[in-house]
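Every number here is computed from the coordinates shown, using simple stated rules; none is lab data. Everything quoted here is computed from the prediction, not taken from an experiment. Here the Cβ positions follow ideal geometry from the backbone for every residue, glycine too, while neighbour counts run over all protein chains shown.
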Amino acid sequence: MSDPVMFESTSPRFALPLLYSGQAQKEVFVNEAFALTDALLHCSIESEAGAPPASPADGQNWLVAAGATGDWAGFDQALACRQGGNWIFVPPRDGMQVFDISLGQARIFYGSWKKALPPAEPNGGTTVDLEARAAFSQLAAALRAVGIFPPV
């Protein structure tokens, strides 16, 4: 029989609490893990803000802006997740993606939060290539439809 796998006290990616044999109050650790999982699974944010909203609802998430104040001070670029009447802060990791409801657009973290800016559609010039412009417009529309570019 193989030896049991030994774990650290938290998971490596998002610091979800892990349980131990004989651990007291396991429900506290399980509930904390569920709250973090709930906040991160198919994550969407209300918007980016530098201060907590006046009346947040449980289950809402925000992206903490640089220079945040109040309860969010010191958590720049983190996700502020409202769970159980409290704030849970999740530091971003490279590759993390959220959907910004206020913009209708996806954001991705790679060193900092990034969002795609729509390219300027071509116009003018001495030679008009209608097929190329039509293809570019269709591509831009497709990228808007999936949240890569913001809606027009």
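Helix 26-40 and the longest principal axis of the Cα set of the chain meet at an angle near 0°. Among the listed values (i) 13.8; (ii) 14.7; (iii) 8.5, the one computed from these coordinates for mean projected area of the Cα convex hull in nm² is (ii).
Legend: ranking of residues LEU18, LEU103 from fewest to most surrounding C-beta atoms inside 10 Å; resulting order LEU18, LEU103. The phi torsions of the range 53-63, fed into the Karplus equation with coefficients 6.51, -1.76 and 1.60 and a -60° offset, translate into couplings of x, 5, 10, x, 9, 4, x, 8, 10, 9, 8 Hz, rounded to whole numbers, with Gly and Pro shown as x.
Would you work out which of PHE34, THR10, ILE148 lies farthest towards the positive end of the dipole of the chain? Charges go on Cβ: Lys and Arg +1, Asp and Glu -1. Result: ILE148.
Take every Cα pair under 8 Å whose residues are at least 6 apart in sequence, average their separation, divide by the length of the chain, and the relative contact order is 14 percent. Between ILE101 and ASP76, the modelled label-to-label distance comes to 2.7 nm, taking each label 7 Å out from Cα in the direction of the beta carbon. Here the extension length gained between ALA57 and ALA141 equals 26.9 nm, from 0.36 nm per residue of separation less the Cα-Cα distance. Annotation: extensible slack from ASN31 through TYR110 equals 25.5 nm (criterion: 0.36 nm per residue apart, minus Cα-Cα distance).
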